[in-house]
Each structure stands twice: as C-alpha cells, then as structure tokens.
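Just so you know, all these numbers are worked out from the coordinates, no wet-lab data involved. As the structure is a computational prediction, the values presented were derived from the model and not from experiment. Cβ sites come from the backbone with ideal geometry, for glycine too, and all protein chains shown count toward neighbours.
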Amino acid sequence: MHGIAVTALWIFIALLVAGGLVGFLKARSKASLIASLGSAVPLSLVALGHLPGVVAIGVLALLQAVFFVRLRKTGKFMPSGLLLGLSVVMEAILLYFVFIARS
C-alpha cells in the first residue's frame with residue numbers, strides 16, 4: 001500500500017485507540033476500549049502489510065455504521081460524529097490508494 005495511506009492509517013489507529021482509552025477512563029466504558037482495540041488490530045495488520053487493504057475498508061465501513069448509530073442515538077457530535085467523519089475520510093483515502101492508484 002502507498003506510504004501516504006499507511007501514514008494516514010497509523011494516525012487513524014492512534015486516534016481510535018486514544019478515543020477508546022478516553023471513553024474507558026472518563027466513563028468506565030469497557031465496550032469503547034474493547035471496540036477500539038478490536039478495530040485497531042486488523043487495521044494495524046493492514047498498515048504492516050500482513051492483510052490486504054480491503055480488510056481495512058471493511059473495518060472502516062463497520063466503524064462508520066457503529067458511529068452513525070451512536071450519533072443518531074445521542075445527537076451529540078462528540079465523539080461519535082467526529083469519529084464518523086474521520087472514518088469516512090480514512091475510507092476515501094484507502095479506496096483511492098487500494099483501487100485507483102495501486103502502488
């Protein structure tokens with residue numbers, strides 16, 4: 001995968017894990033921590049080149065569904081709206097580099 005996509009993916013992974021940690025520390029949400037780490041593992045494997053980019057696209061689509069449901073449920077932009085927007089941007093980057101500008 002292209003270096004730009006890998007760098008963007010690592011940044012997204014860091015933000016995802018940080019969000020899970022904040023959710024756990026502030027609200028004692030084990031679900032946030034487990035979901036963030038569970039999503040970060042396959043994304044990390046893609047960034048390391050052990051899994052194909054389409055795996056990350058699938059994980060991001062799943063995250064988008066979760067963040068969208070949470071946003072609709074709470075009506076609050078933070079944190080689910082922000083993470084939804086970031087995951088859409090990340091997916092657009094990956095779609096471009098996985099399917100259009102194959103390296």
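Modelled spin-label separation between residue 18 and residue 31, with each label point placed 7 Å from Cα along the Cα-to-Cβ direction: 2.4 nm. Using bins of 10 Å that start at zero, the share of Cα-Cα pairs per bin across the chain amounts to 16, 50, 27, 7, 0, in whole %.
Placing +1 on the Cβ of every Lys and Arg and -1 on the Cβ of every Asp and Glu, with nothing else charged, gives the stretch 3-100 a dipole about its Cα centre of roughly 540 debye.
A dipole drawn for the chain from +1 and -1 charges on Cβ atoms has a positive end, and of 69, 96, 56 the residue lying farthest that way is 69.
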